Amino acid sequence: MLKKVNYVLLMLVFLVPMFISPFSVNASGKTLKDLQNELLKKQRELEEINKDKTLTEDKINKIKQNITSIDNEVKTIEKTMIDIRNEIIKLNENIVDKNIEVRELMKFFQLSTGENMYLEYAFGATSMTDFIYRLAIVEQLTKHNDQLITDMNNMIVSQENKSKELAAHQEKIVIKRKELFDEQFKLGDRIKSLNDDVVSISEEISSALKTIKNYENLGCRPNDILADCIKVNQDVSFSRPTLRGLVTCGWTCYLYGKIYYHNAIDIGGITGENIYPTANGTVVDTGYYYDGGNYVIIVHNINGKPYTSRYMHMAKIFVNTNQKVSRDTPIGTVGNTGAASTGAHLHFDIAEGAYPQDFVRYGYSAYKVDPAVLIKFPPENWAYRTRYSNQWYWNL
């Protein structure tokens, strides 16, 4: 995933018209045409990432095919080894049967070579010649059976060796399958990273298109200096964004038994109550985040220094992009919108720098500043009842 620090290199790509001369130096010389050219560069970067993603997906599909092939081979080996075991069992049974047959023949052979000549009658021979002939047949059958037993034992050895070879091969391809799975997981992580990059850059491109459109709507021409297209009303300080509120979570707070770095202040309020800008400024973005719900972003010029404030989970939004607002202009109402909201409250944060001139997207911790450092807020779980007094209360 693209490192946040790398976005700093892109900070000048997505300017929203918002500056007056005290802090327009960051945009000095930057024109609308420059933004359009850098937008094309980001679009080409997105194309390259998508190509990389496609190639990576192709590799994953090939790995999946190889894994499937190995799985099929393993199944074939397992079936072959079962057949070999069954064949060995059958050969051993045949050997037992042949051994019994040989013992019976040997018994006959031994008896018939003894001194008791009356055995010729016991075996049904009609003459001595017939008796000798029968003995020769018995001897030949015994040798034949011995050879069969030897052959079957050799076959058992051969099948056992084949089974060992198959087992060794199976072990190798199982190891290969694990290696393929490991590679697949790594490529899967890469796909996730590339998807994150696609989302991030797509959002940047969307923001850039919106920014360029804003400048064009203000009459900014391709070769105009961006800082000359619009100015931000200067102010001297900040104030609280609601007439009353309960601080439910500060810069850090406990969540599920652990310290949660919130990098903002949550102000519990009543749905429908007005939200105000923390200072005079210009609205640079409004919209809806999945987690944050309805939001407004305002850029400020405090004694020549740029700041940006953000207001989230709003029920309603009253202002538009590029609208100049004073600290007494209602910009919306307290709400409970967005997946991350668990009740009516305002998520309020401040960053140093002008969005999105000094940072591509709002919210990077490198720029965030604790609102309680700039504005007098009560401690967590305490409330205020005006935008300016220093009196704290137990409730609203």
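The values are calculated or read from the model by the stated rules, or taken from the named source; none is laboratory data. Computed from a predicted structure; not experimentally measured. Neighbour counts are summed over all protein chains in view; Cβ atoms, including those assigned to glycine, are modelled from backbone coordinates with ideal geometry. Areas reflect the complete protein model, heavy atoms only, side chains present, ligands, DNA and RNA absent. Shrake-Rupley method; radii C 1.70, N 1.55, O 1.52, S 1.80 Å.
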Please enumerate, by chain and number, the lysines with C-alpha under 21 Å from the C-alpha of residue 62, excluding those fewer than 8 residues away in the same chain.
51, 53, 75, 172, 176, 178, 186, 192
So if each residue of separation counts as 0.36 nm, and I subtract the Cα-Cα distance between residue 382 and residue 221, what length gain in nm does that give?
52.9 nm
As straight-line cross-link partners of residue 316, the qualifying lysines (C-alpha separation under 20 Å, not fewer than 8 residues apart within one chain) are 324
What ³J(HN,Hα) values, in whole Hz, does the Karplus curve 6.51 cos²θ - 1.76 cosθ + 1.60 give for the stretch 47-52 when θ = phi - 60°, with x put for Gly and Pro?
4, 5, 5, 5, 5, 4
Cβ charges +1 (Lys, Arg) and -1 (Asp, Glu), total dipole of the stretch 244-396, debye
240
Place a point 7 Å from the Cα of residue 162 along the Cα-to-Cβ direction; which residues of the stretch 59-100 have their backbone N under 16 Å from it?
76-92
If R0 is 45 Å, what FRET efficiency do you get for residue 288 and residue 68 from their C-beta distance, rounded to 0.05?
0.55
Positive minus negative residues near residue 374 (Lys, Arg vs Asp, Glu; Cβ under 15 Å):
+3
Average accessible area per residue (Å²) across the stretch 241-318 - probe 1.4 Å, nucleic acids and ligands excluded
41
According to a simple spin-label model (label point 7 Å from Cα along Cα-to-Cβ), what is the distance in nm between residue 136 and residue 41?
10.5
Please give, to one decimal in nm, the separation of the simple spin-label points placed at residue 182 and residue 340, each 7 Å out from Cα toward the Cβ.
3.7
If I model a spin label as a point 7 Å beyond the Cα along the Cα-Cβ vector, how far apart are those points for residue 193 and residue 83 in nm?
4.6
I'd like the distance separating the alpha-carbon centroids of the stretch 291-317 and the stretch 164-191, in whole Å.
52
Within the accessible area of the stretch 171-275 (1.4 Å probe), percent carbon and sulfur
55
With Rg from the Cα atoms and Rh as the Kirkwood inverse mean 1/r over Cα pairs, the stretch 205-256 has an Rg/Rh of 1.23
